[in-house]
């Protein structure tokens, strides 16, 4: 499996046209839809108002200044990052064992069937899943009835409009990502390595800590990024599950674009968020590279 | 020793069952509620088909659903073609700037969709492209491209470039070599990538939310609007249908391609 | 690069797909697009049936959850909407931004029956030009779950009463929240003088609020699931919740007063079907529509005096809102300075952050 594509053949510059032709369309598309819009928004973040119609816009730093002057923006930014970290953590804690079982313990037709079952929820609409959680979590909802059925006279159980409700909803939405990426990494680990370690007398925990986790790290990190990044910008799940607890930097930014019409402020907050994400990636990536 | 292994095995099975239960509880609730005639979701369930009947007459939802499918199909075609082409380039050639280009694939994944969506809204509005299905297709393809390239590249890793060389030396033109040697080999990868692209587009909410215009939206956006402004229980019926159809599709495809890994 | 035949076929099918998609966006029937709150009269199925039967025009709807959202939808979708519902406090701002057009009311037969005070209200029809046709008016206050209140409350302080800690429903709207605080602290809702007092009053809600509601449908669901003892609400919506959804709720106008508002129907600039829009507005202020709407579904008070007079005597809109003493306690929403509005929006964002546990 390794030998065939070890080295892509080197070719002279005459092939430049072929390269441009093959990669051109994709990157032109990305330029039009990602890079140019981000640049435009970056420019907007320095304007005082939206430059459409009768509105007059001047260059200003006040949007960025607002973040540093008003404490509640910082509180909310921190809150969103904390949410991202928590959701990622729980997805790892619950998803990694699941991936390990699928990759190593379960074989044959069971494995394929279970794998399908795990990624199937991807295909149900994310919004209805979140809304269904409201029916499960609320007072006199499914969860309360279930608990009272199992433990008679438990009493009312209403988890709606709490921070945990948001976490539950988000973990539920993003768990398959972590299971998938960890599975891909774990599946590639040669079983004979594990057997060799065991036969040399290593205990299960040591094998896990020193052999499996490091080898699976690329998958874990990939899953972490796929989960952390969307979660910090989420507004839909907090609004639906969080009620008064559902205020995050994501909801504030969304507000600026759909209601308040203060696009420059929304743009500035977005780029501040982006800056923090890049900072985190810059710190984590080298550490990860050293570990693998 | 054996007893311990059995206990572990059993614990493993229980754990898997618990995880699956967690993943499916809302889906089961959704399916059950789609048959609950109570407008305010009162329990116990009042079994009925009323919402499915109502769904048949709900033009807004149906057109939103059709829009979703349209956008997803177009996105899949474009993203798969563009992504495969780029993957072939990375596979075949080494050139200055290759690293940079590969790095540039990260932004759609590393940037929160909220930011990408609002940036697209701002930019398209500014240059007069406006909002609507065409804008959504532009956005969805951009999101799907990295996934397509990653999947096809993974498949290309197992392809022997000398096969192409051999075909060329036998007189085939570059395109013929690609079409008759390379593409058939990576076809399973392209199908997997296409599935990924379809899933990414069909379930995409954030980008579609900012780029939809009145009367022209996709199913996820319509559902969110419904939840925020006045939930019509037909949504549960629509979603039940969607998940049943996707399940059938996924199971059908799984018969032909091994999802559990190549060996 | 790609083989010509493959490229051609792909482009052809793409063009077909895009063409079909765009083509399906156009309706061939005569049609108007209405922008309003959901479930607020203009989308009553029976009313639309009658209208389409009379005029042959199909009515399609888009919705918003706040006045801010309504304005932004108008700003970011030029030439899309025909009829827009605009709270009179915002009509002049919308006109000023060029979002709505002047309406020639000479062809609308029901306009003559509108109460002059409302028809010629300076916020809707400054000078000789009409930007909004007065439609309905009502009150923003709070409604209680009658199961939790043996006696009806009389003061707005009930919302801050520790008896109801964690059982109060509140609307997530900056302007409305600040106005409630203004009434509770005896200030002018359109120009509160003391913001610090307002800030403290709003922060006093921390132990009270169970959750925010953002649509009538949500309000009904929460009340039905017994999440609230009492919640801020609108008068017309309260009668809808009672009549159409059978919820045990009662609307309260406290002694300190409440927020009054007047809604007008406007025609958007570059409306695709301006004539259809005007015909629809005429139908909305018609007593035939209004009386049925209030008696069968529940509605705010009509700006059409003739229509209001046709209501049964006991109806809320006639009995309570027809009582001049009660009406005198109301403070009506008026236009607000953009700077003040931004200040209020920011105060509310800050308050919401404070309210987080």
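The values are calculated or read from the model by the stated rules, or taken from the named source; none is laboratory data. It should be emphasised that the depicted structure is a prediction, and the values quoted were computed from it without experimental measurement. No Cβ is skipped: glycine too gets one built from the backbone with ideal geometry, and neighbour counts run over all protein chains shown.
Summary table
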| read-out | value |
| --- | --- |
| Answer residue from region C:311-335, given it is crowded, with 17+ Cβ neighbours inside 10 Å and at pLDDT below 90 and is farthest from the other protein chains (Cβ to nearest Cβ) among those | C:318 |
| Residue B:49 being more than 9 Å from chain A (Cβ to nearest Cβ) and touching a strand residue (DSSP E or B) at 6+ places or on another chain (Cβ under 6 Å) | no |
| Residue in region C:38-68 that is surrounded by the most Cβ atoms within 10 Å (Cβ to Cβ), counting only those that are within 19 Å of residue B:61 (Cα to Cα) and within 14 Å of chain A (Cβ to nearest Cβ) | C:64 |
| Among (1) surrounded by fewer than 21 Cβ atoms within 10 Å (Cβ to Cβ); (2) in a helix (DSSP H, G or I); (3) free of Cβ contacts under 8 Å to residues at least 40 places away in the same chain, the one test that residue B:129 misses | (2) |
| Any chance residue A:167 is under 30 Å from residue B:222 (Cα atoms), at the interface with another protein chain (Cβ under 9 Å from one of its Cβ atoms) and part of a helix (DSSP H, G or I) | no |
| Among residues of region A:147-167, those that are surrounded by 14 or more Cβ atoms within 10 Å (Cβ to Cβ), at pLDDT 80 or above and over 24 Å from the mean Cα position of the chain (by Cα), counted | 2 |
| In region B:166-187, residue farthest from the chain's Cα centre (by Cα) [restricted to those that are part of a helix (DSSP H, G or I) and surrounded by 15 or more Cβ atoms within 10 Å (Cβ to Cβ)] | B:167 |
| Residue in region C:122-133 that is part of a helix (DSSP H, G or I), under 18 Å from residue C:282 (Cβ atoms) and either at pLDDT 90 or above or under 19 Å from the mean Cα position of the chain (by Cα) (or both) present | no |
| Hits in region A:41-58 - residues which are assigned to a helix (DSSP H, G or I) and either touching a residue at least 40 places away in the same chain (Cβ under 8 Å) or within 16 Å of residue B:135 (Cα to Cα) (or both) | A:41, A:42, A:44 |
| All positions within region C:292-309 that are in contact with a strand residue (DSSP E or B) (Cβ under 8 Å, 6 or more places away or on another chain) and surrounded by fewer than 24 Cβ atoms within 10 Å (Cβ to Cβ) | C:305, C:308 |
| Meets criteria (under 28 Å from residue A:164 (Cβ atoms) and without any contact (Cβ under 8 Å) to a residue 60 or more places away in the chain) for residue A:247 | no |
| Check on residue C:289, assigned to a helix (DSSP H, G or I), in contact (Cβ under 8 Å) with a residue 12 or more places away in the chain and in contact with a strand residue (DSSP E or B) (Cβ under 6 Å, 6 or more places away or on another chain) | no |
| Unmet criterion (only one of (1) surrounded by fewer than 20 Cβ atoms within 10 Å (Cβ to Cβ); (2) in the same structural domain as residue C:44 (by TED's automatic domain parsing)) for residue C:255 | (2) |
| Qualifying residue in region A:68-84 (condition: within 30 Å of residue B:208 (Cβ to Cβ) and touching a strand residue (DSSP E or B) at 6+ places or on another chain (Cβ under 8 Å)) | no |
| Within region B:105-126, tally of residues that are surrounded by fewer than 17 Cβ atoms within 10 Å (Cβ to Cβ) and either modelled with pLDDT of 90 or more or not in a helix (DSSP H, G or I) (or both) | 1 |
| Number of the exception - residue A:254 against (1) at pLDDT below 90; (2) crowded, with 22+ Cβ neighbours inside 10 Å | (1) |
| Residues of region A:225-257 satisfying the condition of being away from chain B (no Cβ under 12 Å) and assigned to a helix (DSSP H, G or I) | A:242, A:243, A:244, A:245 |
| From the options B:193, B:135, B:144, B:197, residue that is touching a residue at least 24 places away in the same chain (Cβ under 8 Å), buried (at least 22 other Cβ atoms within 10 Å of the Cβ), over 17 Å from residue A:18 (Cβ atoms) and in contact with a strand residue (DSSP E or B) (Cβ under 9 Å, 6 or more places away or on another chain) | B:135 |
| Only listed residue being at the interface with another protein chain (Cβ under 8 Å from one of its Cβ atoms), closer than 14 Å to residue B:136 by Cβ and at pLDDT 85 or above, chosen from B:217, B:213 | B:213 |
| Residue check for residue A:99: part of a helix (DSSP H, G or I), within 14 Å of chain C (Cβ to nearest Cβ) and in contact with a helix residue (DSSP H, G or I) (Cβ under 9 Å, 6 or more places away or on another chain) | no |
| Residue check, residue C:142 touching a strand residue (DSSP E or B) at 6+ places or on another chain (Cβ under 7 Å) and closer than 17 Å to residue C:228 by Cβ | yes |
| Failed condition for residue A:85, given (1) closer than 29 Å to residue B:135 by Cα; (2) in contact with a helix residue (DSSP H, G or I) (Cβ under 9 Å, 6 or more places away or on another chain); (3) assigned to a helix (DSSP H, G or I) | (1) |
| Residue B:38 more than 9 Å from chain A (Cβ to nearest Cβ), at pLDDT 85 or above and either surrounded by 14 or more Cβ atoms within 10 Å (Cβ to Cβ) or farther than 30 Å from residue A:92 by Cα (or both) | no |
| Candidates B:55, B:88 - the one that is away from every other protein chain (no Cβ under 11 Å), in contact (Cβ under 8 Å) with a residue 24 or more places away in the chain and crowded, with 20+ Cβ neighbours inside 10 Å | B:55 |
| Every residue from region A:89-107 that is in contact (Cβ under 8 Å) with a residue 12 or more places away in the chain and closer than 16 Å to residue A:185 by Cβ | A:91, A:92, A:95, A:96, A:98, A:99, A:100, A:102, A:103, A:104 |
| Qualifying position, being surrounded by fewer than 15 Cβ atoms within 10 Å (Cβ to Cβ), within 14 Å of chain B (Cβ to nearest Cβ) and modelled with pLDDT of 90 or more, among A:31, A:40, A:65 | A:31 |
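Condition check ((1) under 19 Å from residue B:243 (Cβ atoms); (2) in contact with a strand residue (DSSP E or B) (Cβ under 8 Å, 6 or more places away or on another chain); (3) surrounded by 15 or more Cβ atoms within 10 Å (Cβ to Cβ)) across all residues:
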{"site": "B:26", "(1), (2), (3)": "yes, no, yes"}
{"site": "B:64", "(1), (2), (3)": "yes, no, yes"}
{"site": "B:70", "(1), (2), (3)": "no, no, yes"}
{"site": "B:73", "(1), (2), (3)": "yes, no, yes"}
{"site": "B:82", "(1), (2), (3)": "no, no, yes"}
{"site": "B:99", "(1), (2), (3)": "no, no, no"}
